[in-house]
Amino acid sequence: MSKKKKSDKSSSEQELAEGRKTSLHELLRLPQGPVDVASLDSRATPGYPGKGKVDAPAQSELVGQRLDELQERLYANGREHEDAPSVLVVLQGMDTSGKGGVIRHAIGMVDPQGIALKAFKKPTKEELSHSFLWRIRKALPGPGMIGIFDRSQYEDVLAVRVEGLVPVEEWEKRYEQINKFEADLAASGTKIIKCFLNVSREEQGARLAERLANPEKHWKYNPGDIDARKKWPAYMEAYADLLERCNTDPAPWHVVPADRKWYRNWAVAQLLLERLEEMELSWPVADFDVAKEKARLARS
């Protein structure tokens, strides 16, 4: 790289590069093979370049500066080209793992007009009349967009399994259907970032207690969370299966420790930043005569 190119690099980009030796994608990527969810450390902070919670805002600001620029490039390309790439961030985790927090603090760093957010709730009557992937396909991000799934297609091998909503032989087939769907999506130009927000049962209990203790957080509390909490072992078994069976090269799983909120938010933002950097996005070339338009402007 020439000296001029080095000097063109923004200070935030230089600081990020200096503080990062191994990509966070490599550090958080779940190895293929059997998964023991209980062995996954929910309080770890792999790859974090700072000192901890004390400098988390400053570290997030560094990521946010670069993230904002690259997201704008992605969005600009989507405005100009129908075949522009897109990004899909899948946030999956138990209640209180922080899907909403990630959306506010990590995804909130970029221009909302380039974000397509979809929170998947209990399927409607119309959705149930179609294949389980029908509503997922409808919510996919368009060219140049960053799609965020708050819960996802994986609810159809999680909740439906644990709660016995469909027969075993039906949800068993869905792992391979999901793998094919994700492989096709990746081949079409969508970068997939799957994040399992790994919160411990103890931390979940503390967060639920905090919601109950604070009237300002009662709106966040759902009595159904306790019902799911009572089935924690069954949910962990279901998570272990999907993490093992849907951990593919086109769409690998990343395990994001979620007991420390500040790390969780930084990590998801960093994962998104790394994917955007890999895309080597450039600004769209003007389809008009720039010099002519400058002259016209001067005369106006």
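The values are calculated or read from the model by the stated rules, or taken from the named source; none is laboratory data. In this text, all values refer to a predicted model and were calculated from it rather than measured experimentally. Methodologically, a virtual Cβ is constructed for each residue, glycine included, from the backbone with ideal geometry; neighbour enumeration extends over all protein chains shown. Protein only, heavy atoms only, side chains kept; ligands, DNA and RNA dropped before computing areas. Shrake-Rupley method; radii C 1.70, N 1.55, O 1.52, S 1.80 Å.
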Original post:
Going through the stretch 104-134 one residue at a time, which ones are of a type in the set (S, T, N, Q) and closer than 14 Å to ILE146 by Cα?
Top reply: GLN113
Original post:
Which one is farthest from TYR175 (Cα to Cα), of the residues in the stretch 111-160 that are in a helix (DSSP H, G or I) and aromatic (Phe, Trp, Tyr)?
Top reply: TRP134
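So that you can scan it fast, the table gives a plain yes or no per residue for (1) touching a Leu at 6+ places or on another chain (Cβ under 9 Å); (2) assigned to a loop (DSSP other than H, G, I, E, B); (3) farther than 17 Å from TRP262 by Cα:
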| position | (1), (2), (3) |
| --- | --- |
| SER60 | no, no, no |
| VAL63 | yes, no, no |
| LEU67 | yes, no, yes |
| GLN71 | yes, no, yes |
| TYR75 | no, no, yes |
| GLY78 | no, no, yes |
| VAL87 | yes, no, yes |
| VAL90 | no, no, yes |
| ASP95 | yes, yes, yes |
Original post:
Within the stretch 120-142, can one find any residue that is touching a Gly at 6+ places or on another chain (Cβ under 6 Å) and either under 28 Å from ALA209 (Cβ atoms) or at pLDDT below 95 (or both)?
Top reply: no
Original post:
Do you know which residues across the stretch 69-100 are open to solvent by 10 Å² or more (accessible area, probe 1.4 Å) and closer than 28 Å to VAL199 by Cβ?
Top reply: MET94, ASP95, THR96, GLY98, LYS99, GLY100
Original post:
Can you find a residue in the stretch 247-255 that is within 30 Å of HIS25 (Cβ to Cβ) and aromatic (Phe, Trp, Tyr)?
Top reply: yes
Original post:
If you take the residues of the stretch 259-300 that are aliphatic (A, V, I, L, M) and without any contact (Cβ under 8 Å) to a residue 12 or more places away in the chain, which of them is nearest to ALA56 (Cα to Cα)?
Top reply: VAL285
Original post:
In the set ILE146, ILE136, which member is open to solvent by less than 20 Å² (accessible area, probe 1.4 Å), farther than 22 Å from MET279 by Cβ and either without any contact (Cβ under 8 Å) to a residue 12 or more places away in the chain or of a type in the set (A, V, I, L, M) (or both)?
Top reply: ILE136
Original post:
Which of the following residues is open to solvent by less than 30 Å² (accessible area, probe 1.4 Å) and either among the basic types (Lys, Arg) or over 17 Å from the mean Cα position of the chain (by Cα) (or both): ALA251, ALA234, ALA240?
Top reply: ALA240
Original post:
Looking at (1) modelled with pLDDT under 95; (2) over 12 Å from the mean Cα position of the chain (by Cα); (3) open to solvent by less than 10 Å² (accessible area, probe 1.4 Å), which is the one condition that is false for ALA106?
Top reply: (2)
Subject >> Subset of the stretch 189-225 (residues that are over 17 Å from GLY93 (Cβ atoms) and either open to solvent by 70 Å² or more (accessible area, probe 1.4 Å) or aliphatic (A, V, I, L, M) (or both)) >> reply: LYS191, ALA209, GLU210, LEU212, ALA213, PRO215, GLU216, HIS218, TRP219, PRO223
Original post:
Is there a residue in the stretch 166-183 that is touching a residue at least 12 places away in the same chain (Cβ under 8 Å) and in a strand (DSSP E or B)?
Top reply: no
